Amino acid sequence: MIPAPFTYQRAGSVDEAISLAAQGGDDAKFLAGGHSLLPLMKLRLSVPEALIDIGPLRELSYVREDDGHIAVGALTCHHDVANSALLGSELPLLAYAAGQVGDPQIRHRGTIGGSLVHADPAGDLPAVILALDAALVARGPSGQREIAAGEFFQGLFETALEPGELLTEIRIPKPAQAGWSFQKFTKRAIDWAIVGAAVQGDRVALVHMGSTPLRASGVERALAEGAAPADAAAHASDGTSPPEDINADRGYREHLARVLVRRGLAEARSRA
Amino acid sequence: MTVNGTTVEAEVPDRTLLVHFLRDVAGLTATNVGCDTTSCGACTVLLDGQSVKSCTVLAAQVDGRQVTTLEGLADGDGEMHPVQRAFRAEHGLQCGFCTPGMVMATVSLLAENPRPTEEQVRTGLEGNLCRCTGYHNIVRAVLAAAADTEGQASR
């Protein structure tokens with residue numbers, strides 16, 4: 001399988017990437033690690049006319065402490081996120097979850113920014129970013145802006161990015177509550193999560209329980225009202241519309257969400 | 001790009017995948033196309049020393065970088081790489097189709113973690129599927145290669 005024909009261009013800087021995207025219009029796409037985009041292109045589910053390769057922009061691959069928050073460059077690959085000493089000590093939820101994405105080969109190529117802009121509701125990192133209340137920094141022809149994680153995921157494979165905007169950085173506040181957990185239920189190694197749950201303190205987000213990653217607001221409300229974790233977890237599927245597919249029907253996903261959130265809250269509290 | 005230490009230059013269509021470049025342009029056919037969907041790992045090669053699935057990388061993305069395939073592991077006088085020796089000694093293969101990818105994934109794994117536990121070997125090779133062996137001999141081969149490599153380093 002090979003992709004449909006396209007024009008390949010390599011950007012030498014963020015500015016050049018943005019100007020190439022402006023010239024390419026709606027039919028241009030940024031290519032980072034390519035581990036979401038290239039498989040879709042090989043299946044001809046995505047047929048961009050132009051690819052702008054931003055993969056070599058080392059200026060967007062970093063993890064650093066910045067004015068009270070942790071900044072992660074959008075082109076940092078999962079392997080580097082998983083092995084970052086700074087993330088290991090300050091944001092272990094993110095480091096651990098990045099180490100659960102795909103397999104080692106995929107983690108060597110796939111990037112955190114690519115995972116987020118792909119906005120697959122079955123992806124691990126979108127839910128983690130929600131649980132961490134991160135902000136996403138985007139640059140486009142009209143300048144730079146910050147988008148809250150809660151507003152970033154708009155629908156199935158849809159984000160708040162405007163055409164031609166490039167995600168450059170993920171800014172994550174240091175968590176107020178230390179306990180964390182990432183739960184992912186799969187049948188086989190390297191599968192996408194049938195359901196997953198990311199927990200940071202009393203913030204809980206769900207993988208694959210709707211067309212976007214979701215905050216488990218019923219659980220968070222119950223915790224805020226003083227419910228015991230196990231009781232709060234019973235609200236994990238409240239207000240969700242999980243998809244049905246070959247792996248699970250709606251009822252099974254709802255069940256998994258309750259079980260995984262219960263385990264996640266218990267593990268997070270054991271680490272607090 | 002540099003493949004196994006040799007510069008390989010060619011004009012190819014933009015959509016050419018790395019695995020096809022290696023097989024059809026560079027003439028290096030140890031790297032197999034298996035599932036072609038980033039799942040099975042048969043096409044694993046090293047890109048700047050790290051394992052990647054070459055069915056999901058464009059040749060153009062690798063312009064100017066270093067690729068190592070199975071053919072590049074043995075040294076010039078034909079002496080096999082410790083990982084190759086261990087796969088042979090421990091019978092870590094049956095049909096052999098997944099083997100080039102398994103060996104390359106192992107080289108990358110041992111570069112990152114020279115003394116893995118059995119559990120770490122199993123999770124470290126989760127991106128490579130074998131439909132013959134049930135994995136036990138492969139895991140044994142990786143552990144033997146780790147011991148062999150460490151023995152050589154300390155000599």
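Values quoted throughout were computed directly from the atomic coordinates according to the rules given, and no laboratory measurement underlies them. Keep in mind the model is a prediction, meaning the values are calculated, not measured. Note that we place each Cβ from the backbone using ideal geometry, even for glycine, and neighbour counts take in every protein chain shown.
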- Message: Could you give each residue of the stretch A:177-194 its phi-based ³J(HN,Hα) in whole Hz, using Karplus coefficients 6.51, -1.76, 1.60 with θ = phi - 60°, and x for Gly or Pro?
- Response: 10, 6, x, 9, 7, 10, 10, 9, 9, 9, 8, 9, 3, 6, 5, 5, 5, 6
- Task: Jot down the radius of gyration and Dmax of the stretch B:82-154, Cα atoms only, both in angstrom.
- Result: 10.9, 36
- List the residues whose amide H sits under 5 Å from the amide H of A:T7, counting only those 5 or more places along or on another chain, with H placed 1.01 Å from N in the peptide plane. A:A50, A:L51
- Message: Give me a comma-separated list of calculated 3J(HN,Hα) values for the stretch A:75-88, in order, Karplus coefficients 6.51, -1.76, 1.60 applied at θ = phi - 60°, integers in Hz, x for any Gly or Pro.
- Response: 9, 6, 6, 4, 4, 6, 5, 5, 9, 6, 5, 5, 5, x
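Let me know the longest stretch in chain B that avoids all GluC sites (Glu not before Pro) found in a DSSP loop with at most 12 other C-beta atoms within 10 Å.
B:80-155
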- Using alpha carbons only, how many degrees (0 to 90, rounded to 10) separate the axis of helix B:99-112 from the longest principal axis of chain B? 70 degrees
- Do any trypsin sites (Lys or Arg not before Pro) in the stretch A:22-76 lie in a loop, going by DSSP, with at most 14 other beta-carbon atoms within 10 Å of their beta carbon, and if so which? A:R44
- Note on the structure: All alpha-carbon distances of the protein assembly as shown, grouped into 10 Å bins from 0, give the whole-percent distribution 5, 21, 29, 26, 15, 4, 0, 0
- Message: Between 0 and 90 degrees, rounded to the nearest ten: what's the tilt of helix B:136-154 against the longest Cα principal axis of chain B?
- Response: 90 degrees
- Taking H as built 1.01 Å from N, whose amide H comes closer than 5 Å to the amide H of B:L17, not counting residues under 5 places away? B:A59
- P(r) of the stretch B:17-62 in 10 Å steps, Cα pairs, percent per bin? 32, 62, 6
- Between B:E126 and A:A176, what FRET efficiency follows from the Cβ-Cβ distance if R0 is 56 Å, with the result rounded to 0.05? 0.95
- Task: Can you work out the PRE-style zone for B:D48? Point 7 Å along Cα to Cβ, and I want the residues of the stretch B:61-85 with backbone N under 14 Å.
- Result: B:61-68
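GluC sites (Glu not before Pro) within the stretch A:219-263: which are DSSP loop residues with at most 12 other Cβ atoms inside 10 Å? Please list the in-between numbers first.
On the way: sites: A:E220, A:E225, A:E244, A:E254; in loops: A:E225, A:E244.
Of the GluC sites (Glu not before Pro), the ones in loops of the stretch A:219-263 whose Cβ has at most 12 other Cβ atoms within 10 Å are A:E225, A:E244.
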- Query: Rg (Å, one decimal) plus Dmax (Å, integer) for the alpha carbons of chain B?
  - Reply: 15.1, 48
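Evaluate E = 1/(1 + (r/R0)^6) for A:S270 and A:D67, where r is the Cβ-Cβ distance and R0 equals 45 Å; express this FRET efficiency to the nearest 0.05. Kindly include the intermediate steps, with their values, before the conclusion.
On the way: r = 31 Å, r/R0 = 0.70.
Efficiency computed from Cβ-Cβ geometry: 0.90.
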- Long-range amide H contacts for A:V195: which residues qualify at under 5 Å (H placed 1.01 Å from N, peptide plane, sequence gap of 5 or more or a different chain)? A:F185
- Measuring from label point to label point, each 7 Å out along Cα→Cβ, what is the B:H136 to A:L45 span in nm? 3.8 nm
- Item | Rg and Dmax of the stretch A:7-53, Cα atoms only, in Å | 10.4, 31
- If one builds a Gaussian network model of chain A from Cα atoms under 10 Å apart, the most fluctuating residue listed among A:L214, A:L45, A:L156 is A:L45
- Task: Please report A:W180, A:W192 as a ranked list, fewest other C-beta atoms within 10 angstrom at the top and most at the bottom.
- Result: A:W192, A:W180
- If you take the beta carbon distance between B:D63 and B:C35 as r and set R0 to 41 Å, what does 1/(1 + (r/R0)^6) give as a FRET efficiency, to the nearest 0.05? 0.95
